[in-house]
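The values are calculated or read from the model by the stated rules, or taken from the named source; none is laboratory data. As the structure is a prediction and not an experimental result, all values here were calculated from the model. Here Cβ is always computed from backbone atoms with ideal geometry, including for glycine, and neighbour counts include all displayed protein chains.
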Amino acid sequence: MQPLLKVENLGKQYRVRRSPGATDHFAPLEGVSISIDPQTTLALVGESGSGKSTLALCIACLEPPTSGCIFFQGIDVAVLDQNQLRLLRPQIQLVFQDPASSLNPRWTALDIISEPFLVQRRFTKPDRAVRALQLLDRVALPRKLAGRRAGELSGGQKQRLAIARALALEPKLIIFDEALSALDCSVQAQIANLLVELQSSLGLTYLFITHDLAMAAHLADHVAVMQRGRIVESGPARKILSSPSHDATRSLLAATPLLFESSREPVNF
């Protein structure tokens, strides 16, 4: 089976001006390689500042890498021009940590879900409304919230809305960048169970970025551990979490108060 996503030796550097005439280079990614098979979940775990979010932005075609390759369905997206990327981006969607910062608080839920259709010039206005309501159903948001402004919704409702918007263009890969960490434990469990159901029913592939190994154990088929811009350990979730070989993984495990089996059964916190 060909991986849906294969990242090879990816590097990213930023120039940092220290003083007039003096420039340093900051490299949040150095030689990163990962792959994700279709309809599976890779959990990318690591401490804050390890490079996880930079990798997410590169994979989502929102940041150009400095070196290396990003193969999506066998195509190296790192060498595509802007017109080609515009056609590709709907297939890779990104859900951020804080939905309040990624959703316009003055727009209604219906407007937010319909926006991707407008940007891509898909469907008539009545069809957009119908499809937006269907997406509310898909993420278990009551239709009565369709006219509610995003700023009036709870944190869990906002994240469900962000997921509905990500689903609008029928992506093949969804990247969740710490998407559950801003929610309380009971809401985290509800959203996690929703993600499992959506993956099963829609055949989705996930890159799940987190520092929470307990959640990674529940959601992921495979785990990759990042430290200082590099992948230091990777493999099947059960193996990595039951017998870690790297100090970075052991440190993350030690900081995890509860680690449950990677069973894909509904989780309760």
In the stretch 218-269, anything at pLDDT 85 or above and in contact with a Phe, Trp or Tyr (Cβ under 8 Å, 6 or more places away or on another chain) is listed as HIS218, LEU219, ALA220
**Asked** Does at least one position in the stretch 199-212 carry a residue that is free of Cβ contacts under 8 Å to residues at least 24 places away in the same chain and surrounded by fewer than 19 Cβ atoms within 10 Å (Cβ to Cβ)?
**Response** yes
Across (1) under 30 Å from ASP184 (Cβ atoms); (2) modelled with pLDDT of 95 or more; (3) not charged (D, E, K, R), ILE70 clears everything bar (1)
Here the residues within the stretch 25-64 that are touching an Asp or Glu at 6+ places or on another chain (Cβ under 6 Å) and part of a strand (DSSP E or B) are SER33, THR41
- Query: Any chance the stretch 143-156 includes a residue that's crowded, with 22+ Cβ neighbours inside 10 Å and more than 16 Å from the chain's Cα centre (by Cα)?
  - Reply: yes
Apart from one, (1) basic (Lys, Arg); (2) buried (at least 20 other Cβ atoms within 10 Å of the Cβ); (3) modelled with pLDDT under 95 all hold for ARG160; the odd one out is (3)
Restricted to the stretch 58-77 and to residues being touching a residue at least 60 places away in the same chain (Cβ under 8 Å) and of a type in the set (A, V, I, L, M, F, W, C), the residue surrounded by the most Cβ atoms within 10 Å (Cβ to Cβ) is ILE59
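Rundown of residues vs (1) closer than 13 Å to LEU161 by Cβ; (2) touching a residue at least 12 places away in the same chain (Cβ under 8 Å); (3) of a type in the set (Asp, Glu), yes/no style:
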| position | (1), (2), (3) |
| --- | --- |
| ARG86 | no, no, no |
| GLN91 | no, yes, no |
| LEU94 | no, yes, no |
| ARG106 | no, yes, no |
| ILE112 | yes, yes, no |
| LEU118 | no, no, no |
| PRO126 | no, no, no |
**Message:** Residues that are over 30 Å from TYR14 (Cβ atoms) and in contact with a helix residue (DSSP H, G or I) (Cβ under 6 Å, 6 or more places away or on another chain): does the stretch 222-233 have at least one?
**Reply:** no
(request) For ILE113, state whether it is farther than 25 Å from ILE36 by Cα, surrounded by 13 or more Cβ atoms within 10 Å (Cβ to Cβ), modelled with pLDDT of 95 or more and within 20 Å of the chain's Cα centre (by Cα). (result) yes
For the stretch 232-249, pairs from a residue that is over 16 Å from LEU42 (Cα atoms) to a residue that is surrounded by fewer than 16 Cβ atoms within 10 Å (Cβ to Cβ) and not aromatic (Phe, Trp, Tyr), with Cβ under 6 Å and 6 or more apart or across chains, are PRO244/ARG250
Is the stretch 238-249 home to any residue that is among the hydrophobic types (A, V, I, L, M, F, W, C) and surrounded by fewer than 23 Cβ atoms within 10 Å (Cβ to Cβ)?
yes
Screening THR108, THR41 for residues that are over 20 Å from the mean Cα position of the chain (by Cα), under 27 Å from ASP184 (Cα atoms), at pLDDT 95 or above and crowded, with 16+ Cβ neighbours inside 10 Å leaves only THR108
VAL95 meets each of (1) surrounded by fewer than 19 Cβ atoms within 10 Å (Cβ to Cβ); (2) among the β-branched types (Val, Ile, Thr); (3) under 20 Å from the mean Cα position of the chain (by Cα) with one exception, condition (1)
